[in-house]
Amino acid sequence: MKALLIVDIQNDFCPGGALAVPKGDEIIPTVNKLINYFDVIIQTQDWHPKGHLSFASSHDNKNPYDTVETDYGIQVLWPDHCIQGTKGADFHSDLITDKTQVIIRKGFRKEIDSYSTFFENDQKTTTGLTGYLKQRNIKELYTVGLATDFCVKWSVLDGIDEGFTMHIVEDAVKGIDLDGSVDAAWKEMEAKGAVITTSQEILS
Ligand code: VGL
Ligand code: ZN
């Protein structure tokens with residue numbers, strides 16, 4: 001059984017949002033077409049409390065895109081984004097969400113960020129997604145959404161480690177790109193065994 005995994009298509013990651021991915025909203029029509037084609041739809045939602053450790057504003061003398069050392073390693077700092085219950089954390093209004101069967105929220109622990117939808121950034125704390133997928137006998141995920149070089153990449157890499165076949169739909173993801181991080185993400189995903197595909201290939 002296969003499922004569509006829609007990562008973080010939220011207002012704050014779209015143009016006009018607090019951590020806008022360039023042209024992030026342009027993938028939405030493609031994602032909506034793919035939704036029709038899948039029977040199982042899973043969404044993720046970045047969902048931070050105020051004062052989250054990943055926000056530059058939570059640290060003295062730090063700016064967005066600086067880094068800090070945390071208990072679990074280096075963490076990039078971001079503008080405040082996807083704060084629980086705010087408009088920025090809502091899904092983009094053009095995204096069809098009616099068919100979504102489960103929403104995995106992540107990054108809700110104040111002291112740990114979570115890019116991946118399987119494990120938080122300490123690489124230990126789980127979101128419960130593996131259990132959900134196993135109980136539903138889902139073995140293949142088709143990944144779309146934002147951002148290629150952070151939440152999409154870590155979801156794909158961890159999904160492979162968890163034993164799933166991870167497809168990534170090339171024309172249905174967009175990246176933030178800090179110093180070539182989008183190119184690096186594609187290389188890492190490919191090297192680990194991600195299956196790169198296109199919406200056309202799936203829909204034809
Ligand atoms: C993301 C940075 C911070 C993402 C989430 O969805 O890729 N990136 N929080
Ligand atoms: Zn975040």
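The values are calculated or read from the model by the stated rules, or taken from the named source; none is laboratory data. Bear in mind the structure is a predicted one, so any value in this text is a computation, not a measurement. No Cβ is skipped: glycine too gets one built from the backbone with ideal geometry, and neighbour counts run over all protein chains shown. What goes into the accessible areas is simple: the full protein's heavy atoms, side chains included, and nothing from ligands, DNA or RNA. Shrake-Rupley method; radii C 1.70, N 1.55, O 1.52, S 1.80 Å.
Among residues of segment 57-108 being basic (Lys, Arg) and touching a strand residue (DSSP E or B) at 6+ places or on another chain (Cβ under 9 Å), the one that is farthest from Asp177 (Cα to Cα) is Lys99. In segment 146-171, the residues that are free of Cβ contacts under 8 Å to residues at least 12 places away in the same chain and among the hydroxyl-bearing types (Ser, Thr, Tyr) never reach a residue that is within 16 Å of ligand 1 (Cβ to nearest atom) and in a loop (DSSP other than H, G, I, E, B) with C-beta atoms less than 6 angstrom apart, at least six apart or across chains. Of all residues in segment 1-45, those satisfying the criterion of being open to solvent by 10 Å² or more (accessible area, probe 1.4 Å) and of a type in the set (A, V, I, L, M, F, W, C) are Met1, Phe13, Ala18, Ala20.
Step by step: first the residues of segment 77-96, then only those that are more than 14 Å from Ser57 (Cβ to Cβ) and of a type in the set (A, V, I, L, M), then the one that is most open to solvent (accessible area, probe 1.4 Å). Which residue is that? This residue is Ile96. The single residue among Val152, Val102, Val195 that is of a type in the set (A, V, I, L, M, F, W, C) and touching a helix residue (DSSP H, G or I) at 6+ places or on another chain (Cβ under 7 Å) turns out to be Val102. Screening Val7, Val40, Val21 for residues that are β-branched (Val, Ile, Thr) and in contact with a Phe, Trp or Tyr (Cβ under 7 Å, 6 or more places away or on another chain) leaves exactly one candidate, Val21. Starting from residues that are of a type in the set (D, E, K, R) and open to solvent by less than 10 Å² (accessible area, probe 1.4 Å), keep the ones in segment 142-165 and report whichever is farthest from ligand 2 (Cβ to nearest atom). This residue is Asp158. Within segment 42-57, restricting attention to residues that are part of a loop (DSSP other than H, G, I, E, B) and either closer than 16 Å to Tyr115 by Cα or modelled with pLDDT under 95 (or both), the residue that is nearest to ligand 1 (Cβ to nearest atom) is Ser54.
When you check His48 against the structure, is it in contact with a His (Cβ under 8 Å, 6 or more places away or on another chain), of a type outside the set (Gly, Ala, Ser) and open to solvent by less than 30 Å² (accessible area, probe 1.4 Å), yes or no? When the stated conditions are applied, His48 passes them.
Test of understanding: among Asp80, Asp60, Asp94, Asp39, which residue is more than 14 Å from ligand 2 (Cβ to nearest atom), part of a loop (DSSP other than H, G, I, E, B) and touching a helix residue (DSSP H, G or I) at 6+ places or on another chain (Cβ under 9 Å)? Checking each option against the conditions leaves just Asp94.
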